[in-house]
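Below is one structure; the comments refer to it alone.
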Amino acid sequence: MTNYKPTISILVPCHNYGQYLTECVKSVCRQNFSSWELILVDDGSDDAVTPQIIEDLLDPPRIKAIRTTNMGLAFARNNGVEAAHGDFLFFLDADDKLAPSALYEMLHTLKSHPEAAYCYCSTKTFGEKDVIWPHHIYNHFFELYANNFQASVLMRKSAFIQAGGFHKVGPGYGFEDWDLWIRMGRLGLHGVLCPKTLLYYQLKPSSMIKDTMSNYDEMVQALRQKNQSIFDGYALLQTKRAWSPGVTIIVPKGMQVSPDAIMRLESQFSDFEICQENGEVIWPCSPSQIAFRPEKFIGKYQITWDGFSPNEFAETLKARIDMWERNLPTNRGVLEYANLVELEQIARMGEALMRSTAPVWMDANAPLSPDDLEGTIARTKLFEKKAKHLGLEKIAWFGAGGFAQRLLNYPVDRPATILDDNSESCRLKNVDVRKPESEDINTFDAVLIVSDTFCRELYKRATMLWPKHIEKIHCPYF
């Protein structure tokens with residue numbers, strides 16, 4: 001085995017995590033796919049046990065180690081890649097584990113999608129909580145606003161090299177994986193979901209992800225500053241048009257749309273794509289995105305260009321959208337999604353709901369801030385606009401976690417009360433927090449689900465509390 005050439009190189013960075021490493025390595029050794037090598041990257045461990053545990057786990061050439069000074073997660077992973085012999089890379093944290101079929105299933109998915117650069121899967125947590133985190137099918141635009149999957153992906157080594165590997169982000173360490181997904185997307189290197197639970201992710205009282213989330217806003221700003229050209233208003237609007245346009249304009253058979261007509265239409269309204277009736281995209285042309293279109297028409301709204309001049313059509317279009325955007329959508333789709341259990345259905349419907357609830361950018365000019373176009377602030381402001389139009393004045397939030405705490409720092413309307421069935425009575429940023437009661441639904445005009453990762457669970461809990469009033473329960477963050 002001196003000339004051993006594995007298909008997959010598994011990279012496990014480790015800094016003082018020896019106590020978890022043995023179980024991690026065992027999960028790799030139990031794989032039903034055999035063509036792999038495991039590279040343990042000791043990132044300057046200085047505790048009493050980790051270096052010895054790594055030494056005891058070595059089984060060259062299949063399981064080997066490299067040792068470096070402590071330089072952080074991004075550098076440790078990059079150092080591991082330099083020693084990798086496989087054409088595919090798998091990034092695994094030292095305190096996580098793999099399901100026995102993880103490598104086989106994810107490699108099969110990636111090879112079945114030659115247009116994709118990497119494959120990710122759904123996650124089951126263990127430790128503090130035992131829950132499944134289902135993930136949506138890939139959408140590059142929404143990936144700019146949330147880190148939607150774990151760093152444990154299977155990636156083509158050539159794509160990793162093309163993207164320049166992991167980078168350090170901000171004053172501390174964190175979001176190195178999110179930064180990589182963002183940069184890869186800009187290069188047309190996109191991901192594909194394997195809709196199976198293949199990663200076991202450990203939740204601990206103290207962890208790097210918790211440290212990062214405690215400084216979430218600061219880290220997001222650092223991420224955007226580092227990738228300024230991607231988060232420029234016009235660049236963001238271009239990405240939105242390609243992945244989540246506000247409107248799909250359908251051109252009847254035989255109708256020709258000139259570049260001048262598109263330019264005149266764009267001068268008044270910019271959040272659209274133009275398609276033939278058969279689904280062929282006329283504008284914008286984004287070749288790397290075409291293979292990832294989940295539906296023939298991906299706009300939030302669809303409208304047929306019925307022969308009006310570009311200026312007349314733009315005026316009609318804006319008037320219709322303004323009317324449509326003032327009404328709260330029916331909750332039937334959200335309720336169905338919240339109660340799904342099959343991972344592939346969750347993945348597809350979740351991404352579709354994200355597109356169908358995204359704000360439409362009504363201005364011809366590019367947004368001044370990323371938060372004007374999409375994300376927590378934009379979606380909350382859209383809900384507020386709709387609520388005011390419908391005369392809904394007394395709004396309660398449901399959920400008092402970190403997401404609600406961050407949202408209270410943003411320029412959005414404060415709720416009358418925050419309800420949380422897992423929280424004791426307190427005050428959060430001068431807003432009362434208490435457990436919900438059955439009669440609350442009659443006290444408030446609407447209840448807004450406030451969460452990100454656990455939207456589905458919070459929505460289900462709210463609808464169980466008030467099953468006869470689901471029309472009052474809203475969640476714009478799907």
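See the values below:
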| read-out | value |
| --- | --- |
| The chain: antiparallel DSSP beta bridges as a percent of all, rounded to 5 | 25 |
| Computed FRET value (nearest 0.05) for E218 with H85, which takes r as the C-beta separation and R₀ as 45 Å | 0.70 |
| Difference of contour (0.36 nm per residue) and Cα-Cα distance, S369 to E393 | 5.9 nm |
| Per-residue ³J(HN,Hα) for the range 276-284, Karplus 6.51 cos²θ - 1.76 cosθ + 1.60, θ = phi - 60°, Hz, x for Gly and Pro | 6, 4, 7, x, 5, 7, 8, 7, x |
| Helical contribution to [θ] at 222 nm, DSSP H n ≥ 4, -39,500 (n - 2.57), averaged over the chain, rounded to 500 | -10500 deg cm²/dmol |
| Mean projected area (nm²) of the alpha-carbon convex hull when the range 376-478 is viewed from all directions | 5.9 |
| Alpha-carbon centroid distance for the pair the range 313-386 / the range 232-283, whole angstrom | 18 |
| Share antiparallel - DSSP beta bridges, the range 376-478, percent rounded to 5 | 20 |
| Qualifying GluC sites (Glu not before Pro) for the range 303-401 [loop in DSSP, other Cβ within 10 Å: at most 12] | E342, E393 |
| Links that overshoot a 29 Å alpha carbon limit, given the list K124/K168; K253/K300; K240/K468 | K240/K468 |
| Within straight-line cross-link reach of K26, aspartates and glutamates at Cα separation under 19 Å, skipping those fewer than 8 residues along the same chain | E37, D42, E55, D56, D59, D93, D95, D96, E105 |
| Semi-axes of the equivalent ellipsoid for the range 241-374, Cα gyration tensor, largest first, Å | 26, 18, 14 |
| Burial order of peptide ranges 187-197, 228-238, 289-299, 421-431 (average beta-carbon count within 10 Å, highest first) | 187-197, 289-299, 228-238, 421-431 |
| DSSP beta bridges in the range 14-141 [antiparallel fraction, %, rounded to 5] | 30 |
| I161, I182, I262 arranged by Cβ crowding within 10 Å, fewest neighbours leading | I161, I262, I182 |
| Quotient of C-alpha Rg and 2.2 N^0.38 Å, computed over the range 8-231 | 0.95 |
| Label-point gap, in nm, between F126 and A416 - each point 7 angstrom along Cα→Cβ | 4.6 |
| Efficiency of FRET between C29 and T316 - r from beta-carbon atoms, R0 60 angstrom, step 0.05 | 0.40 |
| The chain, relative contact order [Cα under 8 Å, separation at least 6], % | 12 |
| Two-decimal ratio, the range 180-283, of alpha-carbon radius of gyration to 2.2 N^0.38 Å | 1.54 |
| Using distinct alpha-carbon pairs, which all enter the 1/r mean, Kirkwood radius of the chain in Å | 24.2 |
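Read the figures in this text as sums done on the coordinates, not as results from a lab. Small disclaimer: the values here were computed from a predicted structure and weren't measured. Here the Cβ is made from the backbone with ideal geometry for all residues, glycine too, and neighbour counts use every protein chain on show.
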